[in-house]
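In what follows, a structure is listed as structure tokens, so that the remarks can point back to it.
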Amino acid sequence: MSHNTFGHLFRVTTWGESHGPALGCVVDGCPPGLALTEADIQPWLDQRKPGGSRFVTQRKESDTVEILSGTFDGQTTGTPISLMIRNEDARSRDYGDIAEKYRPGHADITYDQKYGIRDHRGGGRSSARETAARVAAGAVARKVLSAGVTVRGAVVQLGTKTIDRASWDWDEVSENPFFCPDGNVVDAWEDYLDDVRKRGSSTGAIIEVVAEGVPAGLGAPIYGKLDAELAGAMMSINAVKAVEIGAGLGAAMLEGPENADEIRMVGNAPAFLSNNAGGILGGISTGQPVICRFAVKPTSSFLTPRRTITRGGEETEIETKGRHDPCVGIRAVPVGEAMMACVLADQLLRDRAQVGQR
């Protein structure tokens, strides 16, 4: 039970390490006859790749994807799709000083406790670099979803700095280095993260992912709930520590009449007057936008010295040099979008298997 695979009918297995020769994924269960080339996948990887601004790691990776199997003449064949991304700028020597030390807040100690083997080169499998394979898989998942389904994400909080939701503009997300939907706060965010970076520290973020055009009926009681699978998918992203659906934790502060999304008829279809449920009731999609937020903790590699121990149990201090994101949550936006797309694609195929084409 290695647990490197998720999904049921649309199944994704990721493989590879941060400083190995390559990483990638195998997507199984994709229907045949869908148009798919590297050009359909690359734009999503370009959003996630490092080196895009001074606010992310300066590791230089093109993240160029190669399709090794599962397509013919630009179409999916229904067989496993194997995708590979080569590592081009790994500098393992940057981690030589910490080969015997555990980074506080990182998975170094738990991986060693479980497997008895420590890949100190960027954390190996626990590195956020693994998420590139998820983004590639998410591009395939978007092909499975109907053209009317749109999955978009944004950073709604950077450390202690939040957005004004009244100023939300999806077009603004692609115009700044933070995937921020509120252009009015970008300058302040730049100053804030510059200060964090110069102090040799790091900070966290909250990302919101919204899927619009999702048909009603996806998900199933009791153990196939759409929100449960979304929560599990988002929590599987490295460094994620909390997930909310719809009103999330805020629902605990509402009274029943406030929280319950009232319903009216618009034409021949039901219409909800609010969306505290985040597009999901009883684990099944309502047809409203599916809204999910997740919190990413501060990057665990930073220059500020911290107390730790060695593999041999000696007490010491550690400071991590090399190239690291002062806020790894920024590049988590396309990863969250990919996981949303993969879960929805899997649920869509399972729904068709049970009740037929909607």
Do the sum for the chain: with -39,500 (n - 2.57) for every DSSP H run of n ≥ 4, divided by all residues, what is the mean residue ellipticity at 222 nm, to the nearest 500 deg cm²/dmol? -7000 deg cm²/dmol
For the range 91-211, just list the percent of Cα-Cα distances falling in each 5 Å bin from zero outward, please. 2, 9, 14, 14, 15, 15, 14, 10, 6, 1, 0
When the expected Rg is taken as 2.2 N^0.38 Å, what fraction or multiple of it is the alpha-carbon Rg of the chain? 1.02
Orientation-averaged projected area, Cα convex hull of the range 180-323 (nm²): 13.6
Any chance you could list the semi-axes, whole Å, largest first, of the equivalent ellipsoid that the Cα gyration tensor gives for the range 1-148, using √(5λ)? 31, 18, 12
Mind checking the range 288-358 for GluC sites (Glu not before Pro) that DSSP puts in a loop (not H, G, I, E or B) and that have at most 11 other Cβ atoms within 10 Å? 314
Counting pairs of alpha carbon atoms under 8 Å apart in space and at least six apart in sequence, what relative contact order in percent does the range 171-284 give? 22
Between the range 278-308 and the range 159-237, what is the separation of their alpha carbon centroids in Å? 8
Which lysines, on any chain, are close to residue 101 with Cα under 25 Å apart, when same-chain ones fewer than 8 places away are left out? 114, 198, 241, 297, 321
0 to 90° range, to nearest 10: angle between helix 186-198 axis and the chain longest Cα axis: 30
For the chain, dividing by residue count, accessible area per residue (probe 1.4 Å) in Å² works out to 47
Accessible-area composition of the chain, carbon plus sulfur, in percent [1.4 Å probe]: 51
Hey, any idea what the orientation-averaged projected area of the convex hull of the range 257-297's Cα atoms comes to, in nm²? 3.9
At 20 °C and 1.002 mPa s, the Stokes-Einstein diffusion coefficient in µm²/s for the range 299-351, with hydrodynamic radius from the Kirkwood sum on alpha carbon pairs, is 148
Using a 1.4 angstrom probe on the protein heavy atoms only, line up 253, 340, 265 by accessible area, largest first. 253, 265, 340
Just by accessible area at a 1.4 angstrom probe, what is the order of 241, 198, 143 from largest to smallest? 198, 241, 143
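The values are calculated or read from the model by the stated rules, or taken from the named source; none is laboratory data. Fair warning: this is a prediction, and the values are worked out from it, not measured in the lab. Cβ: placed from backbone, ideal geometry, glycine included. Neighbour counts: every protein chain shown. To get the accessible areas, we keep the full protein, side chains included, count just its heavy atoms, and leave off ligands, DNA and RNA. Shrake-Rupley method; radii C 1.70, N 1.55, O 1.52, S 1.80 Å.
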